[in-house]
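Here, each number is a calculation from the coordinates, and none is a lab measurement. In this text, all values refer to a predicted model and were calculated from it rather than measured experimentally. All Cβ positions, glycine included, derive from the backbone under ideal geometry; neighbour counts span all protein chains shown.
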């Protein structure tokens, strides 16, 4: 996930202070991508250095307010239109391949533990989903729906994997 582009997107909406960016970022992505204040300010420094953002001014408390530049808007636009590469090899698949290469005898246990973890994640996301009530939470709903579909697909893949292991 690109903190740089998230900040550009938030500044595209309106000028903001650093702490305001953190709060909006957390509102936008809920608990799915925690961000510390240091990340915001170090990213803002790079954005200013690269002329994607400008310092608009400071208030009486010394808080700096930032605004996106035309170059920043162009960068955001280009990023939004660039396809996102999808990783084919996730951590479990990599572990599985390593286990098969060394003829690991507990592959079924690996699968069972992974399946249990996936089910726990599904239950967690279903609980979150049931707690959503407003249209303001639409971004969170999108994240949850995507996560659930991926988790369910992983379980389907585990079913196929177990069938393949039975046949071999």
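Annotations
- The label point for residue 28 and the one for residue 59, both projected 7 Å from the Cα toward the Cβ, are 2.0 nm apart.
- Largest-first principal axis extents, alpha carbons of region 109-155, Å: 41, 16, 9
- For the chain, the alpha carbon convex hull comes to 162 Å³ per residue, rounded to a whole number.
- Extending 7 Å from Cα along the Cβ direction at residue 48 and again at residue 87 yields two label points whose distance is 3.3 nm.
- Calculated mean residue ellipticity at 222 nm for the chain: -22500 deg cm²/dmol, from DSSP H runs with n ≥ 4 weighted as -39500 (n - 2.57), summed, divided by the residue count and rounded to 500.
- Percentage of interatomic Cα-Cα distances in region 40-124 larger than 19 Å: 65
- Full extension of the segment from residue 71 to residue 127, taken as 0.36 nm per residue of separation minus the current Cα-Cα distance, would add 16.0 nm.
- Folded to 0 to 90 degrees: helix 18-29 orientation relative to the chain principal axis, Cα: 30
- The angle separating the long axis of helix 3-13 from the principal Cα axis of greatest extent in the chain is about 50 degrees.
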